[in-house]
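Heads up: the structure comes next, in structure tokens.
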Amino acid sequence: MSTIPLESRLRPGGYNPGMAQAVTLIPGDGIGPELAEATRRVLDASGVKFDWHVEEAGDAVLAREGTPLPQRVLDSILKNKVAIKGPITTPVGEGFRSVNVSLRQTLGLYANLRPVRSIPGLKTRYENVDLVIVRENTEDLYAGIEHKVGPDAAESIKIITRAASERIARFAFDYAVANGRRKVTAVHKANIMKLSDGLFLESCRTVAADYEGRIEFEDRIVDNMCMQLVQKPELYDVLVLPNLYGDIVSDLAAGLVGGLGVAPGANIGTEAAVFEAVHGSAPKYAGQNKANPTALMLSGVLLLRHIGEQAAAERVEAEIRAVIAEGRTVTYDLGGTAGTSDFADAIVSRLEQAATPA
Ligand code: NAD
């Protein structure tokens, strides 16, 4: 079973051509359910047959079932091996642990892949941005080891291991090879955190040696990286980062190409893959048919590639891009007035027209 993170074929196994693809669909909360419905409709119009297994998680489930992430959700993902999820709200500073982080850690979804590409026709400050962010998804400050030290101090423990760092670096290099990319940049703060970030950097260097002559390697300190990305994003290709820097730099990179509404992602492990947008549940827009479903739809495109449905992935991506380039049916964040469902309607109708023989 391969875990090579090909954008052209991300699947870790379990797909049967010719049969309906079973996919766990987690609608999430906030804007999640509207975006999930829009995305499901577009994927259903892609020509691929899906068998959707809808599973709820998050705050509403906590009240009913005593946990925000019931075992049945994990079982469904492990059985189907592929899931797509809307964002799930995490209480700030108190309450239950992030369902998103728990999912990634429990299922060993160690690689968070976030391609960041300019969309032709979408007016932004930058053109031709084409970056891929590979974020370590299981450790670092997200290990959740925190404690109070008396009433007026608190400590969070940052975990970095050689095994997880080498694994994510290998994922980034394998992705680069498989997708014709030229360079991997490791991002860190090893000048200050000499032991933890130092180990991350050392692990990336060790792995880079195996790809010498095929993929270029360099490293950048995270603060400098942020400045470089806003000044000259075209110099960068694949970035590999520990968990927290990966989270922050992903949002920064999303801003280069039109914002969180257009930034897709995939969480990949050896046993399963969960596709989700970079953005969160944007509670202030919940239930208003207002949020942009592009990011989740493009996560659906990554899902199609992952299950080997290359042609369908290209069709869906092309129609999403066409509707955005046309500019008539886009959501508020892209300068339009269309609702979430109008945007989905426009894409579904283009996919259906393309599928109808002339
Ligand atoms: P957010 O990404 O939800 O929203 C920030 C802002 O970005 C929104 O107010 C909105 O202006 C814009 N935005 C986000 N998605 C958009 C979309 N699809 N269309 C148009 N505009 C969009 O970030 P936040 O407000 O920091 O987080 C809200 C909640 O989401 C928190 O509880 C957080 O923990 C959670 N969260 C979940 C995930 C996940 O499920 N993987 C990821 C990030 C944040």
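Being more than 9 Å from the ligand (Cβ to nearest atom) and under 16 Å from the mean Cα position of the chain (by Cα), is that true of even one residue in region 284-295? No, region 284-295 contains no residue that is more than 9 Å from the ligand (Cβ to nearest atom) and under 16 Å from the mean Cα position of the chain (by Cα). Is there a residue in region 43-59 that is assigned to a helix (DSSP H, G or I), modelled with pLDDT of 95 or more and away from the ligand (no atom under 16 Å from the Cβ)? There is at least one residue in region 43-59 that is assigned to a helix (DSSP H, G or I), modelled with pLDDT of 95 or more and away from the ligand (no atom under 16 Å from the Cβ). Checking each residue in region 127-170 for being of a type in the set (S, T, Y) and either within 30 Å of E234 (Cα to Cα) or surrounded by 14 or more Cβ atoms within 10 Å (Cβ to Cβ) (or both) picks out T138, Y142, T161, S165. Could you run through region 294-319 and say how many residues are over 22 Å from I268 (Cβ atoms) and either touching a helix residue (DSSP H, G or I) at 6+ places or on another chain (Cβ under 7 Å) or among the basic types (K, R) (or both)? Going through region 294-319 one residue at a time, the tally reaches 2.
Filtered by the rule that a residue be in a helix (DSSP H, G or I) and of a type in the set (V, I, T), region 317-358 gives I320, V323, I324, T340, I347, V348.
Yes/no matrix, rows are residues, columns are (1) part of a strand (DSSP E or B); (2) in contact with a helix residue (DSSP H, G or I) (Cβ under 7 Å, 6 or more places away or on another chain); (3) among the hydroxyl-bearing types (S, T, Y):
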residue: V73; (1), (2), (3): no, no, no
residue: L78; (1), (2), (3): no, no, no
residue: T89; (1), (2), (3): no, yes, yes
residue: Q105; (1), (2), (3): no, no, no
residue: I133; (1), (2), (3): yes, yes, no
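Inspection of region 269-286 finds a residue satisfying the criterion of being aromatic (F, W, Y) and out of contact with any Lys or Arg (no Cβ under 9 Å at 6 or more places or on another chain). Taking only region 313-326 into account, find how many residues are more than 12 Å from I347 (Cα to Cα) and either within 16 Å of the ligand (Cβ to nearest atom) or surrounded by 15 or more Cβ atoms within 10 Å (Cβ to Cβ) (or both). Going through region 313-326 one residue at a time, the tally reaches 1.
Tell me which residues, restricted to region 254-277, are near the ligand (Cβ under 7 Å from one of its atoms) and assigned to a loop (DSSP other than H, G, I, E, B). Answer for region 254-277, where residues must be near the ligand (Cβ under 7 Å from one of its atoms) and assigned to a loop (DSSP other than H, G, I, E, B): G259, E276, A277.
The values are calculated or read from the model by the stated rules, or taken from the named source; none is laboratory data. On a predicted model such as this, the values are computed, not experimentally measured, just so you know. Don't worry about glycine lacking a Cβ; one is built from the backbone with ideal geometry, like all the others, and counts go over all protein chains shown.
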